[in-house]
1. Would you point out the residue of the stretch 185-198, among those that are in contact (Cβ under 8 Å) with a residue 60 or more places away in the chain and in a helix (DSSP H, G or I), that is surrounded by the fewest Cβ atoms within 10 Å (Cβ to Cβ)?
2. Would the stretch 118-133 turn up any residue that is open to solvent by less than 70 Å² (accessible area, probe 1.4 Å), of a type in the set (Val, Ile, Thr) and within 13 Å of the chain's Cα centre (by Cα)?
3. Starting from residues that are part of a strand (DSSP E or B) and open to solvent by 40 Å² or more (accessible area, probe 1.4 Å), keep the ones in the stretch 143-184 and report whichever is nearest to Leu67 (Cα to Cα).
Amino acid sequence: MTYHIIDLATWPRAAQFHLFRSYKQPHYATTTRLDVTHVMARKAAGVSPYRACLYAIGAGLHAVPELRMRFRGDVVVAHDMVTLSMTVPTEAGSFGYAYVPFVADFATFDAQAKTLIDDVARGGALKANNGERDDLAYLSCMPWLDYAAINNALPGPDDCIPRVSWGKIVAKDGRWDMAITLEVHHALVDGAQVGAFFDAVQGALTRV
C-alpha cells in the first residue's frame, strides 16, 4: 500500500473537505450510460464483457487522483494504486468478495482477474473488508437489470471508499450501452471528477 499524505495547508479543496466532513449524509451517486459496442464486438475474440468493464472502471479510477484519495480522521492520503473489490456469485448460491489489483495492461489484468474471481466463485469465506484497508474501490454488477439510478448501503459518513455499479448491457439502434453509477464522498470528490471518471471509463472501453 503506497500513498502520500495531502498537505491540507496547500490543498485547494481543503475548505470543501472540512465542509462536507461535517455532513451526516455526504455521499452522492451519479448514473450515466456508456457505449459498450466495442466490448460486445470483442466477445468473438474471447473477451469477457464483464472483465472488460472491470478493467475500464479500474482505468477510470486511476485516471482521476481524487478517486484514489481517502481520509483517516482529518488526514487525507492519496494512494498510488487501488485494488478493485467486487461481489462474485458463488456456486453455493451466495456471494463473496474478490480483490483484484489494477494493472494497466488489459491482457495481464484480464488473466489475473479471471483467476481471482474464479477462486471466489468456487466458495469459501465472505472476505469482506472490515475497515483494515482503504486502498480499495467497491464494484458491483447487476447484469439482470437495466436500471435508471442506484445507491449503496453505507456504514456511515466516514466511509470514503468509492462504489461503482453497472447494469445490464442492452442493444439500442444497432449499438450497445449500459447504465453505470459512481457513488462518492463529497469531501473528496466533486462533479468535475465524476465527469472525468466517466470519460476515462468510456475511453478504456474502446481499448480492450
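The values are calculated or read from the model by the stated rules, or taken from the named source; none is laboratory data. Source: prediction; values computed, not measured. Using ideal geometry, Cβ is built from the backbone for each residue, glycine included, and neighbour counts are taken over all protein chains shown. These area figures cover heavy atoms from the full protein model, side chains too; ligands, DNA and RNA do not enter into them. Shrake-Rupley method; radii C 1.70, N 1.55, O 1.52, S 1.80 Å.
1. First pass over the stretch 185-198, keeping only residues in contact (Cβ under 8 Å) with a residue 60 or more places away in the chain: 185-191, 193-194, 196-198.
With in a helix (DSSP H, G or I) added as a condition, the list becomes 191, 193-194, 196-198.
Working: Gly191: 11, Gln193: 18, Val194: 21, Ala196: 17, Phe197: 26, Phe198: 18.
If we take residues in the stretch 185-198 being in contact (Cβ under 8 Å) with a residue 60 or more places away in the chain and in a helix (DSSP H, G or I), then Gly191 is surrounded by the fewest Cβ atoms within 10 Å (Cβ to Cβ).
2. Among the residues of the stretch 118-133, not one is open to solvent by less than 70 Å² (accessible area, probe 1.4 Å), of a type in the set (Val, Ile, Thr) and within 13 Å of the chain's Cα centre (by Cα), which makes the answer no.
3. Per the criteria, the residue is Trp176.
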